[in-house]
Protein chains: 2
Amino acid sequence: MLVIQKYGGSSVADAERIRRVARRVASARAGGDDLIIVVSAMGDTTDHLIQLVKALTGTPPNREMDVILSTGEQVSIALLSMAINDLGHPAISLTGAQAGIMTDGAHTKAKILTINTTRLRQELNRGNIVVVAGFQGVSKKNNITTLGRGGSDTTAVALAAALKADRCEIYTDVDGVYTTDPRIVSEARKLDMVSYEEMLELANLGAAVLHPRAVELAMKYKIPLHVLSSFNHNPGTVVKEAGNMEKLLLVTGVACDLNVAKIGLFDVFDRPGIAYNLFKALADEKINVDMIVQSAMRDERNDISFTCPKGDLKRALAVVEKLHKVVGAQGFTSDEGVAKVSIVGAGMVSNPGVAAEMFEALFNEGINLEMISTSEIKVSCIIKADLTEKAVKALHKKFKLAEIAGCS
Amino acid sequence: MLVIQKYGGSSVADAERIRRVARRVASARAGGDDLIIVVSAMGDTTDHLIQLVKALTGTPPNREMDVILSTGEQVSIALLSMAINDLGHPAISLTGAQAGIMTDGAHTKAKILTINTTRLRQELNRGNIVVVAGFQGVSKKNNITTLGRGGSDTTAVALAAALKADRCEIYTDVDGVYTTDPRIVSEARKLDMVSYEEMLELANLGAAVLHPRAVELAMKYKIPLHVLSSFNHNPGTVVKEAGNMEKLLLVTGVACDLNVAKIGLFDVFDRPGIAYNLFKALADEKINVDMIVQSAMRDERNDISFTCPKGDLKRALAVVEKLHKVVGAQGFTSDEGVAKVSIVGAGMVSNPGVAAEMFEALFNEGINLEMISTSEIKVSCIIKADLTEKAVKALHKKFKLAEIAGCS
C-alpha cells in the first residue's frame, strides 16, 4: 500500500517534534507500507525568512521570494530524513524540483501543472521512504516556485493523485474537522466524515484545517483525505464523496473568517462591461476577490460591493481609485472591521429554507447583515467583526450541530 | 568585460552589509561590466544549520547534510539579488544546480567536474547581474552537493575559468594577503602580489584568506585572483604567476595552523606495503592526512608519524587502533597540543639554506621541532601549540618580512 502523509509546520517545529513524526513514520513503515512524507517549513521559519526580506527591501521580486521561502521546507526535509534514518529506516529527501513537481511560472502562487514521477518511483523501488518538500515546485524555465501558503496540502494531494496512492493522510495540530471552531463554541463536535464539497466551503470560509486548493484537487481525483492529529492517535475526519444518506444533513458546519475587507462602489453605470472592467483590473493585480454583490437600485445606476483578504485591500483600493470614474461610480468606501460567517451543508441543495433559518437566527441576536452570498451548499453573510462569536454560537445552536450524530 | 566577484559570509552577514555589497556591485555595473556575483551563506548561518542537525542526531547522512547546508547560500543569493534590484539593476539568483555547476557525488566534499554555462550566458545576455550560490552544485544523479567549507572561493574561480572571465575578485574581511597573521605580528605587511604556488602553501598552512582548492584551480587555468576587502577600497593582493624577479624573494610569508593533531606509531615493520596499508585505510575513511614522516631508526623497524585536522583525530585513531598490530607497531600515541608553523617562498627552490635558517631561529627561541616536512617552496615544523606565537614572531623577524618591499 502506498501512503502519502503530510505534516504541517507545527508538527516539525523542533527536534523533539521531528523525532515524534519520525517515530510515526517508522511505525507506518513497520506495517509494510510504501511511504511518501510531505513536510512544511518548521514552525515560524517562513515568517523568519519574510522578516529577513523586510529588513532589506519593501519590494522584493516574487521570483527571489520563492528562492528564499523554498529553503524553509528544504531544511525540514533534510532534518526529517535524518531522524527517520536514525530509526533504521532508509529515507531520502527531495526538493519540489527533485520530486518532479512542475508548476506554472506564477511566483509565490504557482499552480502544479504535472508531476514527473520518475525519481519518486525510483526511490520507492529502492526501498526508501521519500520525504518531499511541500509548498514548492519548479517552472519549465527551471526557476524555483512556491504554491503560496497552505500549498503543502496541495503537494500531498497532487502526489497522491499522480502516484495513485492508496491513502492520503493530512496531519495537523487539531484532530479533525469540527462543526465549528472549538475555541468559539465549546460544544463543537468532531465530524467523522465530511464531503469534499462541504470541506471545500469550510476551507474557503476560514476553517484552517485544509487548504481549499488541496480539497478541490482531492475532489477532482476522488482521493479520500484522512485529517488526523500528529500529537495523538485519535480517529480523525475523512473527507470524501458524499453519499445520499449524508445529504439529509442540512448543515454540517459553521465557519467564520476575520481576514476579510469590504469595498463598495456607489452608483455605478448599469450597462454591459462595467463589472468585467472592474474585476478584470482586480484580477490583473492578483487580488483575491471573494464575495461579489451587485444590486440594481435605481434606473441605470447600481451599487457593487465585493470582499477580499485584508492583505489585498490596499492594492484593491488603488485599482478602485483608478477605475471608479471610468465605471461611473459616484464614490466608494471600504471597511476592514467585518467578518464572514457561513453555514455549510450538502443537504442545503434541496432545502431552500435553510438560508432563511440562518437569517432568522442572526436577526434574533440583533446582528445586521451587510452582504449575503449563497451557493448550493453554503450561505455566507458579512457582519460586523465584533459580532462574530455571537453569530457563530447562535448558528451552531440553531442547527443543533452539537447534537447530530456524525455520519460515516 | 566579464567580472566574477565573490563575497564571503561576513560580507553578507546582515541587511546593512548586503546593501553595502549591492552598492559595490552596482558601481561595478555602472562601469559597464558584465557581472557574476558568488556569495556564501550569511555570517553564522552554516553553524546555525549544523546546530539544528546536532540537536537531532549525531550521525546525519552526508547527502542530507548537503540538502540542509545548501539552504544557507540560497538565502543569501535571494537577498543579494533583491538588494541589487532595489538599486535599479536587474539581478537574478541561481542555485548551484541552476547555474549548471556539475559535481561528483562526494557529499559534503564534492568536486566540480564541469560547468554547463548555458543558463549563465542566457541571463548575462538578458542584461542580468547573476548572483550564484557558492559552495554548492549538483551531481549527475540530480542530488544537491556541497564543496566543503571555503568552497565558495572554488565556485568563483571555476566560473571564471568556465566563462573565461576577464577578472576574478575575491572579497573578504581582510584587505589582502599578509606576510603573516597581523593579529600575531603587528609588523606583518600586506603583499601586493603573491604567486599561486606561494598562496597555495600559505592557504594550506592556515592562512584563511583563500581556499587552497580555489588557488589550485586558479593556477591550473592561469586566472589572476584579486583579493580585496569588502569593507574598504584599499588595493588588495593579486595572486598570479610568479615572474623571475619575484623568485629572488626567499621567504614571502609565515603561516601557522593550530588545527593539527599528531599521531605516531612505534616500531612498525620496515617492509614494502606497510605505509600503503596504513594510509590507504586512512584515505578510505576520508581522513585528511597532512604531514607524514617516516624514519628508519633500527634494523627492520621504523617509526611513522603523521598529522591530521583535530576533527579527524578520533576517526584516525580508530583506524590506527584497528591496524597497528597488522603493520607490526609496538604501540602508538597521539597529541592534540601541537601546531604547524611554516615559511613559504618561491625563492626557496634555489636556496637550500633557508630551512636551516628557520631551524636556527626556532632553536634560538628554545623551541623543539617534533616533525619537519619540506617542499620546494615551504618548510613546515610541528611544535608545541603554546609556542606558536613565539615561533611566528621569531620567523617573521628572521626573514625580515616587515622590511622587504612588495613586488608586483
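Computed quantities for the displayed model
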| quantity | calculated |
| --- | --- |
| Residue match in segment A:143-151 (condition: closer than 14 Å to A:HIS211 by Cβ and within 14 Å of another protein chain (Cβ to nearest Cβ)) | yes |
| Boolean, A:ALA283 is exposed (fewer than 14 other Cβ atoms within 10 Å of the Cβ) and of a type in the set (Gly, Ala, Ser) | yes |
| Residues being within 14 Å of chain B (Cβ to nearest Cβ) and charged (D, E, K, R) - total across segment A:82-136 | 4 |
| Residue in segment A:127-150 that is farther than 30 Å from B:ALA99 by Cβ, at pLDDT 95 or above and either assigned by TED's automatic domain parsing to the domain that holds A:GLY88 or in contact with a Leu (Cβ under 7 Å, 6 or more places away or on another chain) (or both) present | yes |
| Lone qualifier among B:SER93, B:SER152 - being under 27 Å from B:LEU228 (Cα atoms), part of a strand (DSSP E or B) and among the small types (Gly, Ala, Ser) | B:SER93 |
| Subset of segment B:96-112 that is in a strand (DSSP E or B) and either modelled with pLDDT of 95 or more or of a type in the set (Phe, Trp, Tyr) (or both) - its residue that is surrounded by the fewest Cβ atoms within 10 Å (Cβ to Cβ) | B:MET102 |
| Criterion (modelled with pLDDT under 85, assigned to a loop (DSSP other than H, G, I, E, B) and surrounded by 19 or more Cβ atoms within 10 Å (Cβ to Cβ)) met by exactly one of A:VAL209, A:VAL268 | A:VAL209 |
| Residue within segment B:351-364 that is modelled with pLDDT under 85, over 23 Å from the mean Cα position of the chain (by Cα) and polar (S, T, N, Q) present | yes |
| Top-ranked residue in segment B:38-65 [being crowded, with 24+ Cβ neighbours inside 10 Å, touching a residue at least 60 places away in the same chain (Cβ under 8 Å) and not in a strand (DSSP E or B); ranked as farthest from the other protein chains (Cβ to nearest Cβ)] | B:SER40 |
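Yes/no matrix, rows are residues, columns are (1) among the aliphatic types (A, V, I, L, M); (2) modelled with pLDDT of 95 or more; (3) crowded, with 24+ Cβ neighbours inside 10 Å:
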{"position": "A:THR155", "(1), (2), (3)": "no, yes, yes"}
{"position": "A:ASP166", "(1), (2), (3)": "no, no, no"}
{"position": "A:MET199", "(1), (2), (3)": "yes, no, yes"}
{"position": "A:ALA214", "(1), (2), (3)": "yes, no, yes"}
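The values are calculated or read from the model by the stated rules, or taken from the named source; none is laboratory data. A quick note: this is a predicted structure, and the numbers were derived from the prediction, not measured. Neighbour counts are summed over all protein chains in view; Cβ atoms, including those assigned to glycine, are modelled from backbone coordinates with ideal geometry.
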